[in-house]
1. Are any of the residues in segment B:35-50 part of a loop (DSSP other than H, G, I, E, B) and within 14 Å of chain A (Cβ to nearest Cβ)?
2. Out of all the residues in segment A:222-258, which are among the small types (Gly, Ala, Ser), outside any loop (DSSP other than H, G, I, E, B) and either at pLDDT 80 or above or within 17 Å of A:Arg103 (Cβ to Cβ) (or both)?
3. Can you name the number of the only condition in (1) buried (at least 22 other Cβ atoms within 10 Å of the Cβ); (2) closer than 26 Å to B:Ala150 by Cβ; (3) not hydrophobic (A, V, I, L, M, F, W, C) that B:Glu28 fails?
4. Within segment B:154-174, is even one residue touching an Asp or Glu at 6+ places or on another chain (Cβ under 9 Å), within 20 Å of B:Val296 (Cα to Cα) and aliphatic (A, V, I, L, M)?
5. Can you pull out every residue in segment A:17-34 that is in contact with a Gly (Cβ under 8 Å, 6 or more places away or on another chain) and in a helix (DSSP H, G or I)?
6. Would you mind telling me which numbered condition in (1) farther than 20 Å from B:Arg214 by Cα; (2) more than 10 Å from every other protein chain (Cβ to nearest Cβ) B:Glu130 fails?
7. Going residue by residue through segment A:96-113, is there one that turns out to be buried (at least 21 other Cβ atoms within 10 Å of the Cβ), part of a helix (DSSP H, G or I), within 11 Å of chain B (Cβ to nearest Cβ) and without any contact (Cβ under 8 Å) to a residue 12 or more places away in the chain?
8. Going through segment B:52-93 one residue at a time, which ones are crowded, with 23+ Cβ neighbours inside 10 Å, over 13 Å from the mean Cα position of the chain (by Cα) and not in a helix (DSSP H, G or I)?
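The values are calculated or read from the model by the stated rules, or taken from the named source; none is laboratory data. In this text, all values refer to a predicted model and were calculated from it rather than measured experimentally. Heads up, the Cβs are rebuilt from the backbone with ideal geometry, glycines too, and the neighbour counts pull from every protein chain shown.
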Protein chains: 2
Amino acid sequence: MDEHSDAAGLAEAMSETAAAVETVLDAELPRPDGPESRLFEAMRYSVLRGGKRLRAFLVRSGARLAGADDGGALLVAAALEMVHGYSLIHDDLPAMDDDDLRRGKPSCHVAFDEATAILAGDALLTLAFELAADPRVHPDPSVRCELVRAMAAAAGGGGMVGGQMIDLAAEHGGADHDLIVTLERMKTGALIAFGCEAGAILARRDAGFRRALREFGYDVGLAFQIIDDVLDVVGDESALGKTVGKDAAAGKATFVAALGVEAARKEAGALVERALARLDGFGDGAGLLRDFGAYVLARRS
Amino acid sequence: MDEHSDAAGLAEAMSETAAAVETVLDAELPRPDGPESRLFEAMRYSVLRGGKRLRAFLVRSGARLAGADDGGALLVAAALEMVHGYSLIHDDLPAMDDDDLRRGKPSCHVAFDEATAILAGDALLTLAFELAADPRVHPDPSVRCELVRAMAAAAGGGGMVGGQMIDLAAEHGGADHDLIVTLERMKTGALIAFGCEAGAILARRDAGFRRALREFGYDVGLAFQIIDDVLDVVGDESALGKTVGKDAAAGKATFVAALGVEAARKEAGALVERALARLDGFGDGAGLLRDFGAYVLARRS
C-alpha cells in the first residue's frame, strides 16, 4: 500500500486495496458451472460490485500496523467482504428492508429471484468461514481458529444479525439514542471492529493491542454510520448515487431522527476523536487508520 | 452410548444421543435477553424441537468408531444440528418451499415472521462455525480448522446450498435420475457425509479412514432420501406425522417420480449394501453404523 498519510494518499491506498481485494474475490468465488451455476452467478453479481471496500481497507491497514503478512490479510479482507455482501443481499430482501436497488444496480433478489438471493447469501457466509480457516491465511491454525471465532461473534446474533433484528423491531417505534447506539454498534460496528482487529490476530499481538484496534473500529464504525444518517438527510444525491430522505420515509431509527443534524455531526466528531486517541502510541504505522478517521467526518458520499 | 448392536440397541443409542445433543444445544444457544431476544427465541424454537437427530447420531457413532473423544463429538454434533436447523428454516420460507408446518408445528416464519426467520437461520449458521472452532471441541486447532472447512464445504454452494438451488430449478422440470442423484448428494448427502467423517477428523485418522466414513455417509444419505421419497408416496400419515403425496403435488424432483416405488426401493437397498461394504474391516466398532444402514431401509417414519 501507499506510504503517504494525507487525504490523497488515503484515497490512493483505498483504491489500491479495493482493486486488490476485488482480484482476490474474483479468484475465490466459484465460477458458474453445472446445474447450480445460477447460485454462483448471484454470488459473483452481489460481491464483485466494486465500491470503496472500507472493511477490506481496515483489515489491510490494521494488518500493516500490527506487522501481519499482507497476503493473509487480503484473504481475511475477502472473507469479510463476503460476509458484508451476504448481509446486504439478505437486508435487501422484501421481508427485510425491501430495497430494489443496491449501488444503482438491481438488488440480488430483483436481478435473480428471492430464493436465489437467500441461497446466495447463505453460500457467501459459508464460504467466508471456509476461507478464514484456509491454511493460506496463516500457517498457525490457532490464528485461523481465532479469526473464525472473532468473525462469527461479530457477524452473528450477538453482533451484526442481532443488530439487524433490533433495527427491524425499532422501525416506526421511536427508538431512543441509547438503543440506536446499541443497534448500530452491533449491526455495522461489530464487523468493522473485527476488520480492524483482524491484523492484530494475524500478527499474534497481545490483548491490549487487539482491544485498541477493536475499539478504534467500534468508534469509527459508529461515526461512519452517523455520517451516513446525516448524508441521508443533507447529502447530494448525485454524489451519493442514491435517493436521500429514504431513512426518514421508512421510519428508520437513525441518529438524525434522535438528535438532529447538528448534534449528530458533533457526536460523530467526538467518536472519531476518541477513536484516534486509541491509536496514541502506535506511531507512524497507524497513519492510514488516522487518515481514515478524518475521512469518515469529511466524506460527502 | 449403548453397546448393543441390534434394532432395539440402535433405537436406544439414537434416543440417548438425541437427548444428549438437545442438552448441548440448549446450553450453547443464547437465551433471550435484550432487545434482540426475539432472534434467540426463534433460533431456540427452531433447533430445540426434539426429533431423531440422525446427524448427531452419525457424528457420535463415527467418533466412537474412530476413537475420538465423545465430548468434542457432541459439540460437533450440536454445530451440525444448528446447520441442519438453519437449512430447514430457510427451506420453509415462502420464497423457497413455502411450508407452513415443520414436524407438526408452525414453521419459524409462521411462528415469528419472515424477517426473523431469515435472520434466525443466518445466526444459527454463524453460531455453528463459532462452535466448531471452539477450543472445547479439540485441543489441536488444526483439527478445528479442518472441521470448519469440511463443514463449510458440505454446507455451502458446492454442497447443501447448491443442492437446494438445483432442487428449486428442477421443480416441474422433469429432472432425470442422474440430476436427482447429483442434487440429493449435494442437498442432504454432503452434510450427512460430513457428520460421518467428523469423528475421523477429530481422531486425526488417515485419508483412507476419512474417505471410508465419508462415502458411507453419502451412500446411506442417498438411501435415506430415496426412502423419504418412497414414504411420501406409500407412507402412513399418522406414523410420519406429515401429509403424504406432498412432493408429487409440488412437482418435486424425486426418485419415485423418476423410477417408480419398486425400483427406488431397490436402489436404496443397493446403496445401503455398498455403504456397509465400506465399513468392511472396521470390526465391531462399526456396529451402530451398520445397524443404522439396516434402519434406513426398514424405517416406516
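1. Yes: segment B:35-50 contains one or more residues that are part of a loop (DSSP other than H, G, I, E, B) and within 14 Å of chain A (Cβ to nearest Cβ).
2. A:Ala223, A:Ser238, A:Ala239, A:Ala257, A:Ala258 - these are the residues of segment A:222-258 that are among the small types (Gly, Ala, Ser), outside any loop (DSSP other than H, G, I, E, B) and either at pLDDT 80 or above or within 17 Å of A:Arg103 (Cβ to Cβ) (or both).
3. Only one criterion in (1) buried (at least 22 other Cβ atoms within 10 Å of the Cβ); (2) closer than 26 Å to B:Ala150 by Cβ; (3) not hydrophobic (A, V, I, L, M, F, W, C) is unmet by B:Glu28, namely (1).
4. no
5. Residues satisfying the conditions are A:Ala18, A:Glu22.
6. The failed condition is (2).
7. Looking through segment A:96-113, none of the residues is buried (at least 21 other Cβ atoms within 10 Å of the Cβ), part of a helix (DSSP H, G or I), within 11 Å of chain B (Cβ to nearest Cβ) and without any contact (Cβ under 8 Å) to a residue 12 or more places away in the chain.
8. The one that is crowded, with 23+ Cβ neighbours inside 10 Å, over 13 Å from the mean Cα position of the chain (by Cα) and not in a helix (DSSP H, G or I): B:Ala68.
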